[in-house]
1. Compute the FRET efficiency between Lys130 and Thr3 as 1/(1 + (r/R0)^6), taking r as their Cβ-Cβ distance and R0 = 25 Å, and round to the nearest 0.05.
2. Once the principal axes of the Cα atoms of the range 38-190 are found, what is the range along each, listed largest first in whole angstroms?
3. Each label point is 7 Å from the Cα along the Cα-to-Cβ direction; what then is the distance between the points at Gln173 and Ile111, in nm?
4. How would His127, His134 line up from fewest to most surrounding beta-carbon atoms within 10 angstrom?
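Just so you know, all these numbers are worked out from the coordinates, no wet-lab data involved. Keep in mind the model is a prediction, meaning the values are calculated, not measured. FYI the Cβ positions are ideal-geometry reconstructions off the backbone, even for glycines, and counts take in every protein chain you see.
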Amino acid sequence: MSTPVTALQAFAHNHDDLPAFHAGYLVLTLLMAAMFNLGAFGILVITHIALDIVKYRDCYGFCWKITIKAAVRESLVDITLLMVGLVFSVYLHHNVGIASVSGIMRAEISIIRVVALLIPKVKILHHFLKIVSHIHLYLDRVHPRLNEKWSALDLLCFTFITISFFMLAIAGQAMSVSYAMIQQILMEELLPWNV
């Protein structure tokens, strides 16, 4: 006799083999990415980092230095995507110089902005949901490159993060707008309750 719990367990065991599950997952991911601002995805990244700290400190008993390095390795791409998304959100915002052109150009920039912000959000959400859906597997393994040098991709991510911080720092001067406007845009993007 099949109970709802048994049916749910069967679905949980076989969901990766169902094309309809992947299609629904993709649609929900796109909807979530379109609905929420970068702050909501920042919370996901922070949650992932916190989970890594618990994983490496409590489960594996690593020292703080190795724990921080492992947490950075696990979330580096997400942090990079978040920072690049912030740069796009500031530089392509409709209230600032580069996007304050008329008509068709403004519409094109708005479309570019939507795509530029949607890609990091989808990737961050996908990565987070993948971890949550396979939490036991995630907790049972140490990052495979934990004791290796930083890879070329890692260094590229650090470079993009640095460039993103620099571009955000000079955004007011680069676009001839006040830093109050830049702060307003960043708050609009980073406060998760500003949906």
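1. 0.30
2. Result, largest extent first: 56, 28, 27 Å.
3. Those two pseudo-labels are separated by 3.5 nm.
4. His134, His127
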